[in-house]
Amino acid sequence: MTYSLQGKTISLGVTGSIACYKAVDLASKLMQLNADVDVLMTPSALRFLTPLTFTAITHRPVITSMFDPQSELSINHVAAAERADLVAVVPATANSLAKIAHGRADDPVSATILATRAPVLVAPAMDANMFESPATQANVELLRQRSIYVAGPAEGRMASGLVGRGRLLEPAELVGHIRILLGRAGDLAGRKIVVSAGGTREAIDPVRVIANHSSGKMGYAIAEAARDRGAQAVIVSAPTALPDPTGVKVARINSALEMGHALDRECADADAVIMAAAVADWRVAQIAEQKVKKTGADTWTIDLVKNPDLIAGIHADRLVKVGFAAESEDLIDNARAKIQSKGLHMIVANDITAEDAGFAVDDNRVIILDREGSIERLPLMSKYDVGVEILDRVIPLLGSLA
Ligand code: PMT
C-alpha cells in the first residue's frame, strides 16, 4: 500500500504506563509512512523510557519539560500544538485522561492538548478496574462529547496479569485510527461506499469447494482508500487471509448467493458499490450433504447452475455502480460490453494474465472505461493507488446523481 503521511505532523504525547513501549513502535510506523513526528513525554513516561529512544526514531528532539530552557516548549509553549495536524496521546493513563478532561496543563502533553486546534486522539491503557471506574468513564464520556477520538482500549491480558478491558491497542491498529481521524473531513465524508472483495466459494460437499485465485487485496485496498477519505466503508468479503481494516465494516460471506444478499442489504443506503470480487458465475446444482466418496470411476461430472449477475441485479436510487472486468483477451471490447450488460457507470479492466498485476499481488495495472466512452490506461501501481484513482472518478458521479 502506498498510503502516505507525507507533509503531516503528528504530535505523539507519551504518558506514564508500561504500555509506553508500544508508542516507540507507533512512532516508527508513522515515520515509515513519512510523517513528521514530535514526541512529548510526561515526567511519569520518563520513568519508563528515555527520550533518546524516540529521538533515534524520529530524528527530532523530544519535549520532556515545560521549564527546560533548552526545550522548545519553554520558549514557545504552543509551538508543537500549532504545528500538529493531529495530536495522539499513546498510551493515555487514567491520570492523563482526567487532566485532559478537566483542562489541566501542567505537563508537556496536557499543555499541548489544551493549546492545539488539531484533532486529538487518546488511546487509553490502564488496569481494567481503573478504566471501568465511574471517574474514568465520566472523563472518557466528557472527552467524547468534546469530539476527542477515543481509540480502545482492547480486552485482554494486562501487565498486572489480570485480564480485562484496558490493554492499549496494537500500533498497527492505532495507525488505522490515526488515518480515520485525519481523513474524517475528507471528500467522501458522509458517503457510504460498499466494496466487494475476494473469490466466492461454491460448496460441492461439506469438504470441497469451487473457488478462484482472488485474494481480496484489490477490494480491501479500495475500502481503505475510501475510509481514508472519510467514507463509511463496508467490505462484503469472500474468505480471505486479510485482517479486517480498522474502522471498516466487514460482512463475511462464502457463496455468490450469500454475497448477493449482503450486497442488497448494504447497498440500500449506499452511495456507491465497487465490485472487485471475483464472483463464481456457476454454482453446484445439488450440494451433497455428505462427503462424496471416491468411486471406481475415472471421471466425476458435477452439474452447475448459473448464479445471478449480482451487480446487474442491484437497483438503488442514486447508487454509483463500478464493476471490474477480469479478462485474459480482448480486454477493452469485453469490458465495454460489461458496462452495458451490467448497467454500470464505470468498469475497471485488468488483464489477469499479467504476472506483475491482477490476482493476489500488491499491484495492479488497469484501464478505466466509463459509459460515456472514455478509456484511461493507468500504469502499474499499488492496489491502494488504484483505489484512489477509482474514487477520484466516482466522486464527481456522486455529485451528479445527488
Ligand atoms: O482479489 P485480488 O487477488 O486482489 O485480485 C483482484 C481481481 C483480479 C479479482 C480484481 O481486480 C478483479 O478483476 N475482479 C473482478 C473479477 C471478475 O469476476 O470479473 P468478471 O469479468 O467475471 O465480472 C465482471 C464484474 O461483474 C465484476 O465486477 C464481478 O464482481 C461482477 N459479477 C460477476 C459475476 C456475477 N455472477 N456477478 C457479478 O456481479
* Structure fact -> Between the Cα axis of helix 134-145 and the main Cα principal axis of the chain, the angle (0 to 90°, nearest 10) is 70
* What does a probe at residue 395 reach in the stretch 180-198, counting residues whose amide N is under 19 Å from the point 7 Å along Cα→Cβ? -> 180-195
* Are there GluC sites (Glu not before Pro) in the stretch 343-402 that DSSP puts in a loop and that have at most 13 other Cβ atoms within 10 Å, and which ones? -> 355, 372
* Cross-link partners among lysines for residue 291, C-alpha distance below 18 Å, same-chain residues fewer than 8 apart left out? -> none
* Structure fact -> Output for the stretch 114-157: GluC sites (Glu not before Pro) sitting in coil per DSSP, at most 10 other Cβ within 10 Å, listed by number, reads none
* To do: Measure nothing but the geometry: give the 0 to 90° angle between the long axis through the Cα atoms of 256-267 and the longest principal axis through the Cα atoms of the chain, rounded to 10°.
  => 50
* Angle in degrees between helix 171-183 and the longest Cα principal axis of the chain, rounded to the nearest 10 -> 90
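Using just the helices of the chain, give the 222 nm mean residue ellipticity in deg cm²/dmol: DSSP H runs with n ≥ 4 each add -39,500 (n - 2.57), and the total is spread over all residues, rounded to 500.
Rounded to the nearest 500, it is -9500 deg cm²/dmol.
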* Three semi-axes of the equivalent ellipsoid, the stretch 192-401, Cα gyration tensor, whole Å, largest first -> 30, 19, 17
* Could you go through the stretch 102-114 in sequence order and give the Karplus-derived ³J(HN,Hα) for each residue, using 6.51 cos²θ - 1.76 cosθ + 1.60 with θ = phi - 60°, rounded to whole Hz, and x for Gly and Pro? => 9, x, 6, 8, 10, 8, x, 6, 5, 5, 5, 5, 5
* Quick one: which residues, 5+ away or cross-chain, put their amide H under 5 Å from the amide H of residue 236? H built at 1.01 Å from N. => 195, 196, 197, 251
* Give me the lysines in straight-line cross-link reach of residue 8: C-alpha distance below 30 Å, same-chain residues under 8 apart excluded. => 22, 29, 99, 192, 217, 249, 383
* To do: Post the alpha-carbon centroid distance, the stretch 185-201 to the stretch 154-169, in whole angstrom.
  => 32
* Counting only Cα, what are the radius of gyration and maximum Cα-Cα distance Dmax of the chain, in Å? -> 25.0, 88
* Structure fact -> Once the in-chain neighbours fewer than 8 apart are removed, the lysines whose Cα is under 16 Å from residue 342 read 306, 321
* Kirkwood hydrodynamic radius for the stretch 9-183: how many Å is it when counted over pairs of different Cα atoms? -> 15.8
* Asked: What longest region of the chain stays clear of chymotrypsin sites (Phe, Trp or Tyr not before Pro) that DSSP places outside H, G, I, E and B and that have at most 14 other Cβ atoms within 10 Å?
  -> 68-299
* Amide H to amide H under 5 Å from residue 278: which residues, 5+ apart in sequence or cross-chain, H placed 1.01 Å off N in plane? -> 198, 199, 200
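Any read-out appearing in this document is the output of simple, stated calculations on the displayed coordinates, not a laboratory observation. Keep in mind that what you see is a predicted model, and the values were worked out from it rather than measured. Counting neighbours? That spans all protein chains shown, and the Cβs are built from the backbone with ideal geometry, glycine included.
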